[in-house]
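> Can you read through this structure? Questions will come right after.
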Amino acid sequence: MIRGVTGLSNEIVENVFLFIAAISVSILVLITFLMIYFSIRYRRKRNPQPEDIRGNLWLEILWTVIPTLLVLAMFYYGWTGFRSLKKIPEGAFKVKVAARQWSWLFEYENGVKTEELMVPVGKPIHLLLTSQDVIHSFYIPAFRVKQDAVPGMVTPLWFKAKEVGTYDVLCAEYCGQQHAYMLTKVKVLSEEEFNQWYEGKGKGLQIEKSRGLPRGPQLLQEKGCVVCHSLDGTTRIGPTLKGLFGKTVIVLTDGKERKMQADDAYLKKSLVEPNGDVVTGFPPIMPSQKGLSTEEEINELIRYMKELK
Ligand code: CUA
């Protein structure tokens, strides 16, 4: 039955839910039955003169005590369940989760970054949620976990996957125009497969690091640019990056239209102060890369954008 204090997040949430649902349905059935029964039993035809009833102590006690106990039981199971959802098991596998408009980025302890969350089966996973811009909400329906990701704050969350498989991750807090597209997956691998993946990726990262900075295409992915800016000329929520460098663009600066050339200075300003000059026809909603990207990363992004002819 109820396992309030330990167990998987799924079981905790489901048990509490079923417990409350069972009580609610029983009360609904009881009340509906009594309502129908009384209206037939005490209908006017059979009781033309209503009786004047002046209270019943035992009845009063009963219908105060029973609901109080039921509600306290709901509270107890809810509370112990909530506590164990909040208590992160020791030795849990840590993953940092960054939410931003409009994608997720997962960073593992070995420095590897991914867009889909990779985890080993049967191990507690400790997520450290944060946001780079507005409030998002990290939600894995299959594991019954949901938690806000708030800028300037790290919020913990944990879960354990019982079976190997792929599960949906959603954003459950309206966070702007592309909120509905903040979808990704949790991939639960067997421990062996996971270790292989983790070590392989870790080594790959070391090799990349020894070669220097991550390259443009990877940066565009990691920084989440490609959610809004295509590389192939199609228009998304922002202008395409294809053929952008050197082009003449019409922008709104302080509400006034002006022509600008998309040169180095323009691209740089667009990255750190994106809403200074906004290309006409697009909403001024791009988050700034200030503090999120290093000088070198910005230079590499610009260098790569020049290649996108
Ligand atoms: Cu992020 Cu909704």
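> Between Leu220, Met182, Gln206, whose Cα lies farthest towards the positive end of the dipole of the range 182-246 when Lys and Arg beta carbons carry +1 and Asp and Glu beta carbons carry -1, centred on the Cα centre?
It is Leu220.
> So how do 59-66, 95-102, 140-147 stack up, highest first, on mean other-Cβ count within 10 Å?
In decreasing order of mean packing, 59-66, 95-102, 140-147 become 95-102, 140-147, 59-66.
> For the chain, which whole-number percentage of the solvent-accessible area (1.4 Å probe, protein heavy atoms only) is attributable to carbon and sulfur atoms?
59
> Need one word for the range 176-232: rounded, prolate or oblate. Basis is the Cα gyration tensor (sqrt eigenvalues a ≥ b ≥ c); a/c below 1.5 gives rounded, then a/b vs b/c decides.
oblate
> Taking Cα atoms, how many degrees apart are the long axis of helix 295-307 and the longest axis of the chain, rounded to 10 and kept between 0 and 90?
70
> Tell me whether the range 1-81 comes out rounded, prolate or oblate; compute the Cα gyration tensor, take square roots of the eigenvalues as a ≥ b ≥ c, and use a/c under 1.5 as the rounded threshold.
It comes out oblate by the Cα gyration axes.
> Right, next: Report, in degrees rounded to the nearest 10, the 0 to 90 angle that the Cα long axis of helix 9-41 makes with the longest principal axis of the chain.
So the inclination is approximately 40 degrees.
> With a 1.4 Å probe and all protein chains left in place, how much accessible area per residue does the chain have, in Å²?
Per-residue accessible area for the chain comes out at 61 Å².
> Shifting gears a bit: Over 5 Å intervals from 0, what percent of Cα-Cα pairs in the range 197-309 sits in each interval?
The calculated distribution, bin by bin, is 2, 11, 19, 25, 18, 11, 6, 4, 2, 1, 0.
> How large, in Å, is the range 3-152 by the Kirkwood hydrodynamic radius built from its alpha-carbon pairs?
Final number for the Kirkwood radius of the range 3-152 is 20.0 Å.
> Please compute the alpha carbon radius of gyration of the range 119-210, then divide it by the globular-protein estimate 2.2 N^0.38 Å. Two decimals is fine.
The range 119-210 yields a ratio of 1.22.
> According to the square roots a ≥ b ≥ c of the eigenvalues of the Cα gyration tensor, what is the shape class of the range 80-148, taking rounded for a/c under 1.5, prolate for a/b larger than b/c otherwise, and oblate for the remainder?
oblate
> To continue, here is another question. Over all directions, how big on average is the projection of the convex hull of the alpha-carbon atoms in the range 262-309, in square nanometres?
Quarter of the Cα hull surface area: 3.6 nm².
> On average over all directions, what projected area in square nanometres does the chain have, based on the convex hull of its Cα atoms?
25.7
> Here's another thing I want to ask about it. Per residue of the chain, what 222 nm ellipticity follows from adding -39500 (n - 2.57) for every DSSP H run with n ≥ 4, rounded to the nearest 500?
The helix contribution divided over the chain gives -12500 deg cm²/dmol.
The values are calculated or read from the model by the stated rules, or taken from the named source; none is laboratory data. Keep in mind that this is a model prediction, so the values were computed, not measured. In this analysis, Cβ positions are derived from the backbone assuming ideal geometry, glycine residues included, and neighbour counts consider all displayed protein chains. Heads up: the accessible areas ignore ligands, DNA and RNA and are worked out on the full protein's heavy atoms, side chains in. Shrake-Rupley method; radii C 1.70, N 1.55, O 1.52, S 1.80 Å.
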